[in-house]
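Q: Dropping a structure here in structure tokens format, bear with me for questions.
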Amino acid sequence: MSRPVVAEIDLYALLDNYRLARSRTGNGRAMAVIKADAYGHGAVPVARALEAECPAFAVACLEEAEVLRAAAINKPILLLGGFFDVNELRWLVPRNYWCVLHSFWQIQALESSPLCAPVPFWIKVDTGMHRLGFSPEDVPGVIFRLRELPWVGEIVLLTHLARADELDSDKTLRQMQVLRRTLAGLRVQTCVANSAALLGWPACDADWARPGIMLYGSSPFAEETPDIILNPVMTLKSQIIALRDLPAGEAVGYGGQYVTRRQTRLATVAGGYGDGYPRHAPPGTPVLVNGQRCPLAGRVSMDLVLVDVTECRQARIGDEVVFWGKELKVDEVAAHARTISYTLLAGVMPRVPRHYFSCRNKGVRLAIAAGPRILAGEFQHDGAFGIRRH
Ligand SMILES: *Cc1c(COP(=O)(O)O)cnc(C)c1O
């Protein structure tokens, strides 16, 4: 026996979501954003699952890219944050990295650091987010300087949208106007859409898109959008490890602020903020006990949560508890915890084992049907994905 908290990762759902993202790009291409360990899903298995169909990957920094190369992922990788130190430049050619440039200090560093072969550089333009990027009026000058350098290959103009998840805001279209004005007379490719723009803003069509969160089956929008069908990729689950019956009026958990209002059956479940379950999830946040919704009770602690299973009389020790997954969306848990799915997914801690599987037939949930701990996926040396029996 070992601690029952696991994150099951459905790589076929991931591929399905990627295909949806790609279908939304028009004539453009979609690079999968797999920064922050693929939003907690494991960057290497995620990259392997997408590699055959995805022309490039995007990560935040060189260190994240190195992990992929060490695992023999060979597709181009875009460093979204560019380089942070001039010494990183020497890795671009040997490792086939593409690099964002967002500031003049990087242009100066690049001018004084000849590279042995041309590298594609992605110029970030600040069209209104005001976080990273050159001012639109500086872009022609930047391109002029870069074209003087033999070690600069293709140049792509990239921008990031601040409010694409707000479908009633005109900010996205205004950012696109700024981009179009910046582009006038420049012969460069463009890269614009994140998940929200791919799903909600066809006007953000460009040569490249950068979907992230939607690949993992979570919606970038706060409201339900029933016409968008994404397949949740991660199921974070555990088991009941203790049960007790309490009378009304008992204070429960740290701080004792949660008090039972009636005769209550309380399940103690392995899993807490030390695994990445949000500490701020209040009492009432749903979990699934044997597929049935039950509310959290008391405060989330590091290794354990308490769940009111009074309405779920058949609950037994060892029963499955899902914190989020296909039947309980991570977006709903995030809303209860007053955060976004990104932080929950990316926050799943290293101590939680990831079990990979690939289930092509959506009607049969292989890993669950066969018992949560029986099946785990394994990648063969040739990149094929196989199911291993423990
Ligand atoms: C993280 C990131 C993305 C992906 O955004 P999603 O909302 O997850 O689709 C795209 N572009 C940049 C620059 C990013 O940092």
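The values are calculated or read from the model by the stated rules, or taken from the named source; none is laboratory data. All figures in this text were calculated on a predicted structure; none of them were measured in a lab. Neighbour counts are summed over all protein chains in view; Cβ atoms, including those assigned to glycine, are modelled from backbone coordinates with ideal geometry. Keep in mind that these areas ignore ligands, DNA and RNA; they rest on the heavy atoms of the full protein, side chains included. Shrake-Rupley method; radii C 1.70, N 1.55, O 1.52, S 1.80 Å.
Q: Considering the dipole of the stretch 85-215 built from charges on the beta carbon (Lys and Arg +1, Asp and Glu -1) around the Cα centre, which of W151, T182, N87 is farthest to its positive end?
A: Selected residue: W151.
Q: Rounded to whole Å, give me the distance from the Cα center of the stretch 97-133 to that of the stretch 46-73.
A: First find each Cα centre; the distance between them is then 20 Å.
Q: Let me ask something additional. How many percent of the accessible area of the stretch 149-278 is carbon or sulfur, using a 1.4 Å probe?
A: That fraction is 48 percent.
Q: Another question, then. Taking a ≥ b ≥ c as the square roots of the Cα gyration tensor eigenvalues, with a/c under 1.5 meaning rounded and otherwise prolate when a/b beats b/c, else oblate, which class fits the stretch 1-73?
A: oblate
Q: Just want to confirm a number: the relative contact order over the chain, from Cα pairs under 8 angstrom separated by 6+ residues, in percent. Before the final figure, lay out each step's value.
A: Details: 840 pairs, mean separation 67.2, N = 390.
Averaging sequence separation for qualifying contacts and normalising by length gives 17 percent for the chain.
Q: In addition: Give, in whole angstrom and from largest to smallest, the semi-axes √(5λ) of the equivalent ellipsoid of the stretch 1-133, with λ running over the eigenvalues of the Cα gyration tensor.
A: 29, 18, 15
Q: Let me ask you something else. Under a Cβ-Cβ cut-off of 13 Å, what is the net charge of the residues other than R313 that fall near it, where Lys and Arg count +1 and Asp and Glu count -1?
A: Counting the neighbours of R313, the net charge comes to -2.
Q: Summarise the accessible area of the stretch 81-137 (1.4 Å probe, protein heavy atoms) by the percent that is carbon and sulfur.
A: 55 percent
Q: Grab the alpha carbons of the stretch 131-273, take their convex hull, and tell me the volume per residue in Å³.
A: Per residue, the Cα convex hull of the stretch 131-273 comes to 214 Å³.
Q: While we're looking at this one, here's another question. Compute the projected area of the convex hull of the Cα atoms of the chain, averaged over all viewing directions, and report it in nm² to one decimal place.
A: Details: hull surface 84.1 nm².
Result: a mean projected hull area of 21.0 nm².
Q: Just the accessible area per residue of the stretch 16-166, please: how many Å² with a 1.4 Å probe? Show your work: numbers first, answer last.
A: Values: 6150 Å² over 151 residues.
Value returned for the stretch 16-166: 41 Å² of accessible area per residue.
Q: Restricting things to alpha carbons, tell me how big the stretch 77-210 is in terms of Rg and Dmax, in Å.
A: That works out to 14.8, 48 Å for Rg and Dmax.
Q: Under 13 Å Cα to Cα from K75, which aspartates and glutamates show up? Leave out anything in the same chain fewer than 8 places away.
A: Those aspartates and glutamates meeting the cut-off are E51, E53, E66.
Q: DSSP beta bridges in the chain, what fraction antiparallel, as a percent rounded to 5? Could the numbers behind the result be given before it?
A: Working: 34 of 61 bridges.
The answer is about 55 percent antiparallel.
Q: What is the dipole size for the chain, taken about its Cα centre, with +1 at each Lys and Arg Cβ and -1 at each Asp and Glu Cβ, in debye to the nearest 20?
A: Working: 43 positive and 39 negative charges, 133 e Å.
I would put it at about 640 debye.
Q: Is there a quick way to get the dipole size of the stretch 36-179? I mean about its Cα centre, with the Cβ of Lys and Arg at +1 and of Asp and Glu at -1; what is the value in debye to the nearest 20?
A: 260 debye
Q: Determine the principal axes of the Cα atoms in the stretch 209-348, then give the extent along each, sorted from largest to smallest and rounded to whole angstroms.
A: Ordered largest first, the stretch 209-348 gives principal extents of 55, 29, 24 Å.
Q: Leaving out ligands, DNA and RNA but keeping every protein chain, what accessible area does R262 have, in Å² rounded to the nearest 10, with a 1.4 Å probe?
A: Counting only protein heavy atoms, the figure is 100 Å².
Q: By a straight-distance test (C-alpha under 19 Å), which lysines pair with K124 as possible cross-link partners, with residues fewer than eight away in the same chain excluded?
A: Counting by Cα, and skipping residues close in sequence, K124 has these lysines nearby: K35, K171.
Q: List the relative contact order of the stretch 148-213 as a percent without decimals, with contacts defined as Cα pairs under 8 Å and 6+ residues apart.
A: Relative contact order for the stretch 148-213 comes out at 33 percent.
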